[in-house]
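The values are calculated or read from the model by the stated rules, or taken from the named source; none is laboratory data. Computed from a predicted structure; not experimentally measured. Neighbour counts are summed over all protein chains in view; Cβ atoms, including those assigned to glycine, are modelled from backbone coordinates with ideal geometry. Just the protein is used for accessible areas: all its heavy atoms, side chains included, with ligands, DNA and RNA removed. Shrake-Rupley method; radii C 1.70, N 1.55, O 1.52, S 1.80 Å.
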Number of protein chains: 2
Amino acid sequence: MTPVFDFDTVHFDEKKERLLILDQTRLPGKVCYISLKTQDQIIDAIATLKVRGAPAIGITAAFALCLGMKPFIGLSFDAFYTHFKEVGAQLAQARPTAVNLSWAIGRMEKTILRNRKAAIPEILEAMRSEACRIKEEDKIMCRNIGIHGLSLLKPGWGILTHCNAGHLAASWYGTALSPIYTGQEMGYHFRVFADETRPLLQGARLTAFELQYAGVDTTLICDNMASVVMEKGLVQAVLTGCDRVACNGDTANKIGTNTLAILARHYGIPFYICAPSSTIDADCKTGQNIVIEERSPEEITEKWYRKRMAPENIKVFNPAFDITHHSLITAFITEKGVVCPPFDFTPKENDKKS
Amino acid sequence: MTPVFDFDTVHFDEKKERLLILDQTRLPGKVCYISLKTQDQIIDAIATLKVRGAPAIGITAAFALCLGMKPFIGLSFDAFYTHFKEVGAQLAQARPTAVNLSWAIGRMEKTILRNRKAAIPEILEAMRSEACRIKEEDKIMCRNIGIHGLSLLKPGWGILTHCNAGHLAASWYGTALSPIYTGQEMGYHFRVFADETRPLLQGARLTAFELQYAGVDTTLICDNMASVVMEKGLVQAVLTGCDRVACNGDTANKIGTNTLAILARHYGIPFYICAPSSTIDADCKTGQNIVIEERSPEEITEKWYRKRMAPENIKVFNPAFDITHHSLITAFITEKGVVCPPFDFTPKENDKKS
């Protein structure tokens, strides 16, 4: 099969020792890469959302540390490690709520400690290998979600998605969009409806762009039009990604997701969450334990617009995520397979010990 | 009680023989009136949405004809009437889908024909009286919807609304917002959540403005946040207006309305449609008979924005309205009272004859 994308969202150029990142803030109007050589440049790219999506941020962070630690090649291990802790702490601040950022930093730290007896050039080489491994693992995860997800879908189906959980958010086909692209490789001819996803418009700017690029039959709608599309019989499945899954299956994802789940239930359409099993939070019993970030009013009243579109001083409620109750989820599609209800992701005693 | 508004959306200035219209395209940033003296100016104001909302358009059209026919004061009745037909036809083209426009023209025509034996100055005077009567009837209709609606609400309740069916759309408190303003007069202290209403943002631009102006506790949300607000227990009733009601109670209103009805049912919250009984279409058996207007893709991809927010050539589905199934509607609030299910608005034989 030929992959539906001929570009990488995050690419490490070994020869020139630089990270090439597709600048997502310029999409959909401009497709251009920025070349990043220093840790500071990469921190800026993460903080300003030039690169976004949990897996893509993790991969970027891993390569950022490879580049960021290069200047310290002449130091002793202790001095090198001390600098690593500083560099890692700076990087983690680029987007404090991105779990994959600190997760990638943790993996690089373990790599350094595992190689503490080696010379610094060898440690740097081990870090580079680890960063490549993180990216490779992500590719396999995406690929497997695509294959497992596709087993639930039929050629010609209409599929509704929300926000962006695709190629731009990861190293391969992403999560929610991976079954769609896998089907595209195999001639499934899906018709995809992409919610624009207010207020940040990730659906209009990013999902519509990447689906169109991949040649998928794509229709953009406003979030409040999903019900009509379902009612007309144009949608046979809803696929979304997610940010966190509680042990009982309650799921946090981009604001608007739980509306889609309620609508899908109303119209008798299956609603699937696509996510790596690492998204399950063993410390989180139910959705009630998940704190929802509230973001600035300006995202709704001003951002993107030529002029302010709401009265001055109007109160605004802008939750970034919502919780979809587990009873509304038909199944989870993970890299390990399809998980059907009843959901119980509570870690077993054995898992806890390991 | 003191009315919560100290301004009119459409005001006829008898002394200066001009129509003053609050320019809604400048809201919420600028509150300014435009003075219209000719038929052409008024047609332009209607076509460019400077005045909008079914009742407000009807009132504007009636006064437009008074001003538009003034130059023909010296003619015979037959010549006057011929000119009226021309002027009326031009006016009807300003917004061809606005039912109230042709309805108001029809009422003015009947007034002319009823007075055919009178001198032209007297006919012009009768037309002015009829226009004032149309506005007065609209005020009473709004007021009664407010009173009947308020009987269903309790002080301190949270109320969710969609699009704009308020003071700006009518001559008094509007329809969906009338119970809220009537409660505001009486110290009910409602907390109102206004959907921004993509793609044209009537909620953000108009409803948030007029609620804030009236001193109502108002919070602006994106359409996809209504579910969270309901889930949190912040909303005890949903009130919207409507564009057309079928005989079985199926209701056409701004896109996004039927999602709110499904969410309200899911959370066990009453969902009310507020509308004058003239909105019931006796020729329309069910919602399936209502044709939904699809509007231009640019409303979603470009309008309001500093730059295009979706890829070039992306397919877009942009239905302006949706149909709420009658089974999801708790009750209709009309100027005649509250109508509970089962809904049967089929005209009786007597009605048909009259």
Subject >> Size of charge dipole - chain A - debye, nearest 20, with Cβ of Lys, Arg +1 and Asp, Glu -1, no other charges >> reply: 220
Original post:
Got a number for the accessible area of A:PHE321? Probe 1.4 Å, square angstrom, nearest 10.
Top reply: 40
Subject >> Global form of segment A:167-248, assessed from the alpha-carbon gyration tensor, a/c cut-off 1.5 >> reply: rounded
Original post:
Hey, any idea what % of chain A's accessible area is carbon plus sulfur with a 1.4 Å probe?
Top reply: 52
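Could you order A:THR346, B:THR197 so the one with the most accessible surface comes first? Probe is 1.4 Å.
Accessible-area ranking of A:THR346, B:THR197, largest first: A:THR346, B:THR197.
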Subject >> Solvent-accessible surface ranking, highest first, for A:THR286, A:THR279, B:THR38 at 1.4 angstrom >> reply: B:THR38, A:THR286, A:THR279
Original post:
For segment A:207-287, rounded, prolate or oblate, judged on the Cα gyration tensor with a ≥ b ≥ c (square roots of eigenvalues), a/c < 1.5 rounded, else prolate if a/b > b/c?
Top reply: oblate
Subject >> Cα long-axis angle, helix B:120-150 against chain B (0 to 90 degrees, to the nearest 10) >> reply: 10
Original post:
If you rank A:GLU196, A:GLU125 by how much accessible surface each has, with a 1.4 Å probe, what is the order from largest down?
Top reply: A:GLU125, A:GLU196
**OP:** Output ³J(HN,Hα) for segment B:324-329: one whole-Hz value per residue in order, computed from phi by the Karplus curve 6.51 cos²θ - 1.76 cosθ + 1.60 with θ = phi - 60°, and x for Gly and Pro.
**Re:** 8, 5, 4, 5, 9, 9
Original post:
Dipole of the protein assembly as shown, Cα-centred, from +1 at each Lys and Arg C-beta and -1 at each Asp and Glu C-beta, to the nearest 20 debye?
Top reply: 380
Original post:
Dipole of segment A:141-285 (Lys/Arg Cβ +1, Asp/Glu Cβ -1, origin at the Cα centre): which of A:ALA165, A:THR207, A:THR219 lies farthest to the positive side?
Top reply: A:THR219
Original post:
In square angstrom, rounded to the nearest 10, how much accessible surface does A:TRP304 have for a 1.4 Å probe?
Top reply: 40
**OP:** Show which lysines lie in cross-link reach of A:LYS110 when reach means a straight Cα distance below 23 angstrom and same-chain residues fewer than eight apart are skipped.
**Re:** A:LYS70, A:LYS85, A:LYS135, A:LYS139, A:LYS352, A:LYS353
Original post:
Restricting to the protein assembly as shown, what percent of DSSP beta bridges are antiparallel, rounded to 5?
Top reply: 45
**OP:** Kindly report, to the nearest 10 Å², the accessible surface of B:ASP243 as traced by a 1.4 Å probe over protein heavy atoms only.
**Re:** 80
Original post:
Given +1 on the Cβ of Lys and Arg, -1 on the Cβ of Asp and Glu, and no further charges, what dipole in debye does segment A:209-354 carry about its Cα centre, rounded to the nearest 20?
Top reply: 120
Original post:
In nm, one decimal, shortest first: how far is the label point of B:THR25 (7 Å from Cα along Cα to beta carbon) from the matching points in the other copies?
Top reply: 3.3
Original post:
Mind checking how much accessible area A and B bury in total, 1.4 Å probe, in Å² rounded to 100?
Top reply: 4600
**OP:** In nm to one decimal, list the spacings between the A:PRO347 label point and its equivalents in the other copies, with label points set 7 Å along Cα to Cβ, shortest first.
**Re:** 7.2
Original post:
Rounded to the nearest 500 deg cm²/dmol, what is the calculated helix-only ellipticity per residue at 222 nm for the protein assembly as shown, with -39500 (n - 2.57) per DSSP H run of length n ≥ 4?
Top reply: -11000 deg cm²/dmol
Subject >> Ascending list, in nanometres, of distances separating the B:GLY156 label from those of the other copies (7 Å, Cα toward Cβ) >> reply: 5.7
Original post:
Using a simple spin-label model with points 7 Å from Cα along the Cα→Cβ vector, what separation in nm is obtained for A:HIS83 and A:ALA118?
Top reply: 1.7
**OP:** With a ≥ b ≥ c taken as the square roots of the eigenvalues of the C-alpha gyration tensor of chain A, please select rounded if a/c is under 1.5 and otherwise prolate if a/b is larger than b/c or oblate if it is not?
**Re:** prolate
**OP:** Can you tell me the 0 to 90 degree angle between the C-alpha axis of helix B:54-69 and the longest principal axis of chain B, rounded to 10?
**Re:** 10
**OP:** May I ask for the distance between the Cα centers of segment A:246-279 and segment A:146-218, given as a whole number of Å?
**Re:** 16
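Find out how many positive minus negative residues lie around A:LEU263, taking Lys and Arg as positive, Asp and Glu as negative, among other residues whose Cβ is under 14 Å from that of A:LEU263.
-3
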Original post:
Per-residue HN-Hα couplings for segment A:203-212, Karplus 6.51 cos²θ - 1.76 cosθ + 1.60 at θ = phi - 60°, whole Hz, x for Gly and Pro?
Top reply: x, 5, 7, 10, 5, 4, 4, 6, 5, 4
Subject >> Charge sum, other residues only, whose C-beta stays under 15 Å from A:ILE292's C-beta, Lys/Arg counted +1 and Asp/Glu -1 >> reply: -4
**OP:** Give me the accessible area per residue for segment B:227-276, probe 1.4 Å, as a whole number in Å².
**Re:** 24
